[in-house]
Every structure is written in structure tokens, then in C-alpha cells.
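One structure is given below, encoded as C-alpha cells.
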Amino acid sequence: MEQLKRMALFAMVVEKGSMVAAAAAMGMSASAVSQQIRRLEEATGVTLLHRTTRKLTLTEAGTTFYDSCRQIVELAEQAEQRLAEQREAPVGELRIAAPVGFSGPLLCEALAPLLSAHPALSLRLFFQDEQIDLIEQRIDLAIRVGQQDDSSLVARHVADWRMLVCASPAYLAQRVWPVQPQQLFELDWIALNTECSQHLLLHGPGGATQRLRLESRIACNNILAARQFTLAGMGVSLQPEPEVRELLARGELLALLPDWQQEPIGLHIVTVRRDAQPAKVRYAIEALRRHLVSA
């Protein structure tokens, strides 16, 4: 590191034409500059400058060495410029992890305007319901649901989403429409896990609660798969309201037990702890926050 500093100082001496001018530019004394150049020559084993009382002249070795030093300084300046750009404007590759349920229109609607406004920004999306290691996979931010207990991460609460008990019209046409939670036992349950059963806590009128342990006919660890089986008339499942809103509006799914609600799920934007986030992350968090809160 000290050698790199001396190389940069050498380049400054050559560009300024004297050690006095270089010392003034660097906020050093002329003697300190001279000492550093001497140490550089000792380390390289060659004479870089011819010194006279009137001027400095590069030796042949010094001319070649100066070209390399100048390139190093330019690369350092470019690196600083790129860092400044990342602080001030969203540029570079943005890596986002999210549950598979977000592979529909939600993220596209939130992030497409950001990408359109900033052509130097690129996007890499990783959809999986299992939690991904943000550091190992170099993830800039992740969208996660439920309680967040990892103290090594920063979790920003964005919204609470309602979970609806849903079924298709074709499925309900062959069965009694449930009006009380206990009637769910008479229906085929599609669980969002790989267990044989799922526990529900439903809140109803007047503060009433119902705890149910529903045996599942179909169990899967993917919300999209559970939704497709529900649309196909294979049973009843819990679905996040924003993700099925259009299906409900078109009548492809029906919401059951409107007076009985599951606890909403908390939606969080999660990042690794660091002193300052680059602009691409700050802009993405704001875009996602605006869109997901209104979803």
C-alpha cells in the first residue's frame, strides 16, 4: 500500500514538474516528497529522476515507470468515480430474492418503472420459498413474509397482507358452502407445507376465535402450485389477497368465510446490515415499498 502511494506521488511530481509544486498539491513539505521519491527509487532499484537545481528530468526507466504509475492513478480515479455513481444513482446489477408467489405481476409492476428510468441498472431475480443466504449469494435485498428473527439482517416492515380461504366455483358447486369454520373439516384441504396437516387460527365476529387442525389431501411447499390445484377444483387453500385479487374479481376463485379471518402475514424487505446502502438498493426499497403497501 505504501508503494502504491509513492507511485501516485511520483506521478504527481512528474505532472507538476517539481517536488515543490507536487508538495503544495498534496499538502506535504518538499522534503517529505523528496524522501518518498528516494524510497521509491531504493525499492525499485533504479534512478527515476535526474535532479538539478533548476529542474527535474525523467530517466529512461523513469519515463516507462511514469506511464505505469499514471495508469494506476487513472484506474483508482475511475474506481472512485464508479463508487460515487453507485452512491448517488442506481447503477450496476441489482440482485433480489423473493418467494415464488412474487413471480407474477407484483415485482414487475414495482420495478419496471425504476429500470426504465435508469438504463445503467440491471436486475437479477431469484424466486424460491426457502430462505436464501444473502451474503453467500450476493443478494442486495430480499422480500420475506412472516416474523423475522435474524439479528444479522435489517428487516423493514412494509405491509400486512390478508390471507383468504379460497375455492373454485366448480369445487363449491358439488359441496355445501361453508358458513362456519368447523365446516372446513368437510372439505378437501390444500396445505402450503409438506406436512399431513395444517393449523389455522381464525378470528371471527365479537372477538371469537376458532383453532382448526385440518388434514390435507394435497400438500405442497409452493404457493403457486397450491393456487393451481385450487383453481383446478381440487380443494380449498389459503391465499394472499393481493396475489389472487384479479382471480377473485373474475370469479375464478371465491373467498369463503368472509367473517372469519386468518392473522395477516407481515411483509418485509430484508437487507444485510451495513453502514450505507448503494443507491440501487435505496431506490429499489422505495419502489417496492410504494407498490407493496398499495397492493
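Residue separation of GLU215 and ARG273 scaled by 0.36 nm, minus their Cα-Cα distance, works out to 16.8 nm of gained length. So how exposed is PHE65, as accessible area in Å² (1.4 Å probe, rounded to 10)? Number for this one is 40 Å².
Assuming charge only on the beta carbon of Lys and Arg (+1) and of Asp and Glu (-1), the dipole of the stretch 165-252 about its Cα centre is about 80 debye to the nearest 20. Looking at the chain, the accessible area is 55 square angstrom per residue; that uses a 1.4 Å probe and ignores ligands, DNA and RNA. Could you list, bin by bin from short to long, the percent of Cα-Cα pairs of the chain in 10 Å steps? Using 10 Å bins, I get a P(r) of 5, 20, 19, 14, 12, 9, 7, 7, 5, 1, 0 for the chain. To put it simply, the accessible area of the chain at a 1.4 Å probe is 52 percent carbon and sulfur. The amide H of LEU58, built 1.01 Å from its N in the peptide plane, has HIS50 as neighbours under 5 Å, considering only residues 5 or more places off or on other chains. Counting only DSSP beta bridges whose two residues both lie in the chain, roughly 70 percent are antiparallel. With 0.36 nm allotted per residue and the present C-alpha distance subtracted, the PHE127-ASP160 stretch has 9.8 nm of extension available. Span-like helix check, the chain: qualifying full DSSP H segments, with Cα axial length of 20 Å or more and mean Kyte-Doolittle of -1.0 or more, are 2-16, 30-44, 60-88, 279-294. Shape of the stretch 1-58 from the C-alpha gyration tensor: oblate (a/c of 1.5 or more and a/b not above b/c, with a ≥ b ≥ c the square roots of its eigenvalues).
Using Cα centres only, tell me the gap between the stretch 119-179 and the stretch 202-260 in whole Å. So the two Cα centres are separated by 16 Å.
The values are calculated or read from the model by the stated rules, or taken from the named source; none is laboratory data. Quick caveat, the model's predicted, so the values are computed rather than measured. Ideal geometry is used to build each Cβ from the backbone, glycine not excepted, and the neighbour counts take in all protein chains shown. Please note that ligands, DNA and RNA were not included when accessible areas were found on the heavy atoms of the full protein model with its side chains. Shrake-Rupley method; radii C 1.70, N 1.55, O 1.52, S 1.80 Å.
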